1. Read phi for every residue in the range 237-250 and hand back ³J(HN,Hα) as whole Hz from Karplus 6.51 cos²θ - 1.76 cosθ + 1.60, θ = phi - 60°, with x for Gly and Pro.
2. I need the shape label for the range 55-157. Rule: rounded when a/c is under 1.5, else prolate if a/b > b/c, else oblate, with a, b, c from the alpha carbon gyration tensor.
3. Which of the chymotrypsin sites (Phe, Trp or Tyr not before Pro) found in the range 43-132 are loop residues per DSSP with 10 or fewer other Cβ atoms within 10 Å of their Cβ?
4. Based solely on its DSSP helices, what 222 nm [θ] is calculated for the chain when runs of n ≥ 4 H residues each add -39,500 (n - 2.57) and the sum is averaged over all residues, nearest 500 deg cm²/dmol?
5. Which percentage, to the nearest 5, of the DSSP beta bridges contained in the range 20-137 is antiparallel?
6. Kindly provide the trypsin sites (Lys or Arg not before Pro) of the range 135-228 that DSSP labels as loop, not H, G, I, E or B, and whose Cβ sees at most 11 other Cβ atoms within 10 Å.
7. Please name which of Ile230, Leu144, Ser159 has its Cα lying farthest along the dipole of the chain towards the positive end, using unit charges on Cβ (Lys, Arg +1; Asp, Glu -1) and the Cα centre as origin.
8. Normalised by the residues of the chain, what does the relative contact order come to in percent, with Cα pairs under 8 Å and at least six apart?
Amino acid sequence: MRIVAIANQKGGVGKTTTSLNLSACLAARGLRVLLIDLDPQANTTSGLGIAQEEGGSLYPCLVSDVNPTQVIRSTRLPNLSIIRSHQELAGCEVELAQTGHHLTRLRDVMKPLRYSGHFDYAIMDCPPSLGVLMTGALAAADELLVPIQCEYFGLEGLSKIVQIVQQIRESGANPALALEGIVMTMFDSRMNLSQQVVSDVRNYFSQVVYDTIIPRTIRLGEAPSFGKSIIEYEPNGRGAQAYLSLAEEFLRRHGDAR
């Protein structure tokens, strides 16, 4: 099982939208996917129409010895399972920070899942902050996928996340962490700025930027309010086609022809 962290310390960049819809599209292609909601706001959980439940997140696994397999739940989508979030996860920021192994705790928790053979990919939706949960996710992940909105401030956020990756590597917590890809989101073809941001990012990070660009659409924003992925809500729309294309490109990059 490969563990993919989807992270950006800046909010509102399409991180949760990408985590949810990429997972759904990979599952639709027959991959066994575990979606892990690490954001205490639990938007990924509610975005799939799943109720939060105290004790149903990774919180008891992180602060005690609960096996993570006990908090995995199936979804209505074949091949897609989830570890939900709950506001209790916010307590991890304080409790884990007081321990001497806060950077590696999540990595240790994930070990039973990594070697269980039950999943092909684990997709972790990280909170939009530089706290314990996000840095712990980067220490646990094989690779990082960064959504960047096609706006000027997206460039600033990208430089910061690259610095964090380097710090995680140099700390020894995860020397092999790879910046697997950058996904341009919220693209508006009518705006010259969107075109310029895509061009700038590709100039600096040409090897890792995905060819697929996620457009700004009303339907992508509406789907979570109905508790649905975009391929359920509007399967023939631009948003669904973009995320299906992203999933195909993701699998090609990983040498998975399914």
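Values quoted throughout were computed directly from the atomic coordinates according to the rules given, and no laboratory measurement underlies them. Given the structure is predicted, the values throughout are model-derived calculations rather than measurements. FYI the Cβ positions are ideal-geometry reconstructions off the backbone, even for glycines, and counts take in every protein chain you see.
1. Karplus values, whole Hz, x for Gly and Pro: x, 5, x, 5, 5, 5, 6, 5, 5, 4, 4, 5, 5, 4.
2. oblate
3. Counting only loop positions with at most 10 other Cβ atoms within 10 Å, the chymotrypsin sites (Phe, Trp or Tyr not before Pro) in the range 43-132 are Tyr115.
4. Taking each H run of at least 4 residues, the total per residue is -11500 deg cm²/dmol.
5. 20 percent
6. Counting only loop positions with at most 11 other Cβ atoms within 10 Å, the trypsin sites (Lys or Arg not before Pro) in the range 135-228 are Arg190.
7. In the chain, that residue is Ile230.
8. Once normalised by length, the contact order is 26 percent.
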